1. Can you go through A:Met1, A:Met89 and tell me which one is aliphatic (A, V, I, L, M), under 26 Å from A:Ile142 (Cβ atoms) and not in a strand (DSSP E or B)?
2. If you go through segment A:508-539, how many residues are within 29 Å of the chain's Cα centre (by Cα) and either crowded, with 23+ Cβ neighbours inside 10 Å or away from chain B (no Cβ under 14 Å) (or both)?
3. For a quick check of your reading of the model, give me the residue pairs whose first member lies in segment A:559-572 and is more than 14 Å from A:Glu232 (Cα to Cα) and more than 7 Å from chain B (Cβ to nearest Cβ), whose second is open to solvent by 10 Å² or more (accessible area, probe 1.4 Å) and assigned to a loop (DSSP other than H, G, I, E, B), with beta-carbon atoms closer than 8 Å and at least 6 apart or on different chains.
4. Given the structure, is B:Ala43 crowded, with 19+ Cβ neighbours inside 10 Å, modelled with pLDDT of 95 or more and of a type in the set (Gly, Ala, Ser)?
5. May I ask you to list the residues in segment B:337-391 that are open to solvent by less than 40 Å² (accessible area, probe 1.4 Å), free of Cβ contacts under 8 Å to residues at least 24 places away in the same chain and under 22 Å from B:Gly405 (Cα atoms)?
6. Exactly one condition in (1) in a helix (DSSP H, G or I); (2) not assigned by the TED database to the domain that holds A:Ser33 is not met by A:Glu63; state its number.
7. Residues that are more than 21 Å from B:Gln500 (Cα to Cα), assigned to a strand (DSSP E or B), open to solvent by less than 60 Å² (accessible area, probe 1.4 Å) and touching a Phe, Trp or Tyr at 6+ places or on another chain (Cβ under 6 Å): does segment B:415-425 have at least one?
8. Does segment A:157-166 hold any residues that are within 7 Å of another protein chain (Cβ to nearest Cβ) and over 25 Å from the mean Cα position of the chain (by Cα), and which are they?
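The values are calculated or read from the model by the stated rules, or taken from the named source; none is laboratory data. Here the structure is a predicted model, which means the values were calculated and not measured. Here the Cβ positions follow ideal geometry from the backbone for every residue, glycine too, while neighbour counts run over all protein chains shown. Side chains are part of the model used for accessible areas, which takes the heavy atoms of the whole protein and leaves out ligands, DNA and RNA. Shrake-Rupley method; radii C 1.70, N 1.55, O 1.52, S 1.80 Å.
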2 protein chains.
Amino acid sequence: MERTTYCGLVTEDYLDQEVTLKGWVQKRRDLGSLIFIDLRDRAGIVQLVFSEEFDRRALEVAEKLRNEYVIEVKGTVVARSEREVNPDMKTGKIEVRVNEVHLLNKSKTTPFAIQDNVDVSDELRLKYRYLDLRRPEMQRNIQLRSRITHSVHSYFDEQGFIDIETPDLTKSTPEGARDYLVPSRIYPGHFYALPQSPQLFKQLLMGAGFDRYYQLARCFRDEDLRGDRQPEFTQIDMETSFLTAEEIQEITEGLIAKVMKDTVDVDVTLPFKRMDWDESMARFGTDQPDTRFGMELKDLSDLMTQSDFKVFREALSDGGEVKAIAVPGGADLYSRKAIDKYADYVKRFGAKGLAWMKVTDDGFSGPVAKFFNEGDWFQQITERTGAKSGDLLLFAADSKRVVAGTLGYLRTAIAKEQGMIDQSKWNFLWIVNWPLFDYDVDLERWVPAHHPFTMPKEEDVHYLDDGEDPHKAYAQSYDIILNGLELGGGSIRIHTRELQEKMFKALGFTKERAEDQFGFFLNALDYGFPPHGGLAIGLDRFARLLAHAENIRDVIAFPKNSKAAEPMTNAPAPVSNKQLEDLHIKVVEPEKTADKDE
Amino acid sequence: MERTTYCGLVTEDYLDQEVTLKGWVQKRRDLGSLIFIDLRDRAGIVQLVFSEEFDRRALEVAEKLRNEYVIEVKGTVVARSEREVNPDMKTGKIEVRVNEVHLLNKSKTTPFAIQDNVDVSDELRLKYRYLDLRRPEMQRNIQLRSRITHSVHSYFDEQGFIDIETPDLTKSTPEGARDYLVPSRIYPGHFYALPQSPQLFKQLLMGAGFDRYYQLARCFRDEDLRGDRQPEFTQIDMETSFLTAEEIQEITEGLIAKVMKDTVDVDVTLPFKRMDWDESMARFGTDQPDTRFGMELKDLSDLMTQSDFKVFREALSDGGEVKAIAVPGGADLYSRKAIDKYADYVKRFGAKGLAWMKVTDDGFSGPVAKFFNEGDWFQQITERTGAKSGDLLLFAADSKRVVAGTLGYLRTAIAKEQGMIDQSKWNFLWIVNWPLFDYDVDLERWVPAHHPFTMPKEEDVHYLDDGEDPHKAYAQSYDIILNGLELGGGSIRIHTRELQEKMFKALGFTKERAEDQFGFFLNALDYGFPPHGGLAIGLDRFARLLAHAENIRDVIAFPKNSKAAEPMTNAPAPVSNKQLEDLHIKVVEPEKTADKDE
């Protein structure tokens, strides 16, 4: 029996026609002489009606059907009676009178109902992932993701990009995140590494003259997982030769505009806004600014040198700054207790406290108001911050880094808490001209803001010379932000050996270490590499945002849980001694073993 | 300077226009006042002319250019003089008079010339892969492969297939080939395995109701490498629900027809021929028959029971068979010595010798001719084998397996040796109805002919019941053959737990072992799996055949060498003790260490 169409697509167009459908029993209502069955497939649900009147044997079969049984049916599409029309369903105006049915497979009772918004633990969802994926929401998410990849392939094809696969079994480069390793059977004590990104390979492809490369590239990072991270993830990865940063951004914008149109039918306005990294940090306290709402950071440093409030003055004399955000209507929204809670939270950014004042018709109120109700302070501060009566002013006075971290966090947290964000907006934004280096406070050393292959701005190249301070250099780099989240990033790359060696030196590499880890790449740069640059977009995150999903797990068919395990197959798992012997390795049991079911 | 077009695309269409081009210096001819440079990019080569007449400074720069320097030029397209026209080049009718040139990067002298047919070792090609990839042939191959994948994505999109990624970090299933393992940092003594194929995941996706799945899936097998194998390779992988084997074959034919049209502009005739596995083995001695030439195997068993030649009679009485191929014109082509060489070679198939006769106008000649020159033997044998005067008859008399191996090999080897194969043909063929099991002579046990998830033919399902002989069963499986090579294969899958359990039992699994290795999958089959089936095509091999390349390495950007190493990055490589500690493993040095540079 050949299927006529998907269940979810049987609309009035099929009225009075005989259709053949295949799918899963979603629901069964047995009225004795009449049985209604909701039949589900990947496109949706259609209502079947069984009755002696249509076919006695079909009715008998229907009596024995249970949820999630797989059936195929033949029947006639008829209009539902007026009062049975369901306007919320695509197939809500019709039903199918069944005259033939075949049971294709039975099902045990599922551990949870196949429907959205079921209250079931993440672990159980992952253990029975094949059932979880039957839910309409997961069907939509995975199908949306597929529409994204089809759109991406088609765009890059149009733009003359060559789809090139780079290896998954490659060499460990201990820079950056932790590698997943793969022991070699042929060379004892040798290991492949799974790629954290195809960075060097895509640059080599430019050296090889392919001019425009792209790939949907699987990447791997053995890091502790946060909400938006998975051990394996997919990048929309591209690289081009002979183009400027702006030209690469333009190609990226075309890609995003096409994907948005093809998948969620949104027309985005091109070009996207561009903002310098410095400006983004100053106005939003972050390099991933959410521009769907205001409440920007306002600098009060110049005013506060004159203030009597010691905390502000000291921060300034220590080389720091004083900034504030004005929370609209915040005076009533936030009690002293609520503010104290935030004050406690922002300690993680290094803030020693959180000064605040409420704006009233009669001046400021709050613990530090006394310092600012004299003279023209009120006028100056409200003018500078745009605060009006009823607003709450939150201040941070500390180093640039701490002020940005504190107010950047508060701005977003409060906007979310107060529903200040227009969820229908798609705010794309380029953050450009990043610093070349970033000081890592945990590692206590300078690291690349992006990666060590990033080209400095032309006028800053000299900072990498001997005797200069490389950390002053800015980079030809750019990140693409969507609604306050980094969607992807890229840069123009270094294409000469001389500059690449200087870069490694600036990062504290000895000549030997650079040679050992990246010698093959430095050698390659001897042979006429073109100027080149590219970008990578996180497919999982992009899909999550387009699907309005809460977690990237919801746009990945078979994700790992938060401890990098897969409850369905129970991976990772012990292996046989023979397998370990073949690979010339032995397990070293640590003193305390992590428990998988913890 | 924005590029006008690629070098290789500057045809007469651009006559008298100013163009901007970017690329690599392929060749430089310095005539003093006139310098010719062949400029190369991914699309091909264009001839530049520098002269004081056009621009003095450009000429000065051109004097310093060397091979593989990267430049950008501006110039005017002019027609070449009649005698300088090169009809073999797309750009052979024009040249570009350069009035501006910029040196973008220099190059050291490359270790081999950037041109096709250079005599350079495979190892050196791989070490300098970025240079090897600059060669026109490799550019064509990699670009062809990209056209294939674009064609594949577009076809599956049209056909309503959902592109779904399956995990690369998954569970080891010690069936089949050896797994690559990835030690877990979080769970000591636990390992992920890289997938040998997404088989179970794609079946689970059918259980999840996605109906039509496809993926260009990276697969991994830690096996010793033969010419056509790589440790990592890519499958065009698909799975569908509710379709018959024939319907899946039809979808596959549509895919192949589209790819052939899109990439090599060949119209293939649909549907492809279908041949039963039994017939293929009987007629060609192989399940991957090359049907571009004849020389089929002819069965003489019934005749030879009466023969006086003991070797034939004994083979038959041992339950074997006697078959022959007739080599057209072979009597003159093959000396006794040459035939002896083959006789020696076919010992690897178990053949104990190789009987042969030449057909002359006066009957048979050769060592065993004496048995067949009496009576009506000559007439009967020539009639049965189609042999004519001047042909060579080669006989195999042994078990079915040995006869097929021997004559199947000889048929192909001789056809290649004698140039009997029409290289312009694209012979696609389905081999259908395989046995469900295959006896592995090395392992001395029955193994699945495809894999343990293959559905038996409906009428053969009963062979898996207790007390019956499962090895009699045939399968609902199909391989697609192109020019004598397996391009891919697939089957209808088992979709009930009951039958899957019987299958494991027939393969000698205990209940415990089946549960341990495939328990999660058996459980899944409890929950309403639809009838389903699919297919996978080897992308690397398909690309190799379309590119007329000798080795799949030539259609992979960064392949491994024959010992699974990558000479460019030197992967696999030793890692730090810290990395091993993190992964709770220790290297066990074997007594004799393989040397990477051996």
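1. Details: A:Met1 fails: under 26 Å from A:Ile142 (Cβ atoms).
None of the other options fit; the residue is A:Met89.
2. Filtering segment A:508-539 down to residues within 29 Å of the chain's Cα centre (by Cα) leaves A:532-539.
So of that shortlist, the ones also either crowded, with 23+ Cβ neighbours inside 10 Å or away from chain B (no Cβ under 14 Å) (or both) come out as A:532-537, A:539.
Total meeting the criteria: 7.
3. Taking only residues 6 or more apart or on different chains, the pairs are A:Pro567/A:Asn561.
4. Yes, satisfied.
5. B:Ala338, B:Ala343
6. With respect to (1) in a helix (DSSP H, G or I); (2) not assigned by the TED database to the domain that holds A:Ser33, A:Glu63 is out only on (2).
7. So the first thing to find is which residues in segment B:415-425 are more than 21 Å from B:Gln500 (Cα to Cα), and the list is B:415-425.
Pick out the ones that are also assigned to a strand (DSSP E or B) and you get none.
Checked segment B:415-425: no residue is more than 21 Å from B:Gln500 (Cα to Cα), assigned to a strand (DSSP E or B), open to solvent by less than 60 Å² (accessible area, probe 1.4 Å) and touching a Phe, Trp or Tyr at 6+ places or on another chain (Cβ under 6 Å).
8. Initially, segment A:157-166 is screened for residues within 7 Å of another protein chain (Cβ to nearest Cβ), giving A:157, A:162-166.
Within segment A:157-166, A:Ile162 is the sole residue that qualifies.
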